[in-house]
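The block underneath contains the structure these notes are about, expressed in structure tokens.
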Amino acid sequence: MDLRKAVRDRERLARTLLAFGLSVVAIRSLRNGKRLSGLLAGGGALAAGYAAVTPSGELEDLDELTETLDVGTTDEDADDEDSSGRETTEDAGKLRCAACGEPISTGQTRGPNENDEIVHLDCK
């Protein structure tokens, strides 16, 4: 949760700085007689400032989606498969040996067999 708060704070800071920079550009453009550039920069400053002060629902929507899909949640009592026979998120992205079915860990020697399936070199 701390990472998400840090991301929100950085986004807010970036939008605030963008709004400030665009407002400076707008004022300078209007003083130099460039009305269109000044109006465009002023509109951008207003939009960036509004985005900086209003809460964005993107991360909250991501939380809801994560809860709905059960992504990233691990259950301490869960085995390698849940009741529906699917792999848990713990083993979801791991490469499995085609011969023995065991997960292949990072750094473990592996290679293709005669059917071009990834297997441990010990299982060849």
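Nothing in this text is a laboratory measurement; each read-out follows from the coordinates by a stated rule. Here the structure is a predicted model, which means the values were calculated and not measured. Note: ideal-geometry Cβ built from the backbone for every residue, glycine included; neighbour counts use all protein chains shown.
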Practice task
At 7 Å along the Cα-to-beta-carbon direction for both LYS94 and ASN32, put a label point, then send me their distance in nm to one decimal.
Solution key: 6.1
Completion exercise
Rounded to the nearest 0.05, FRET efficiency between SER105 and VAL7 (Cβ-Cβ, R0 30 Å) equals 0.45
Completion exercise
The long-range amide H neighbours of ILE104, using H built 1.01 Å from N in the peptide plane and a cut-off of under 5 Å, are LEU95, ARG96, CYS97
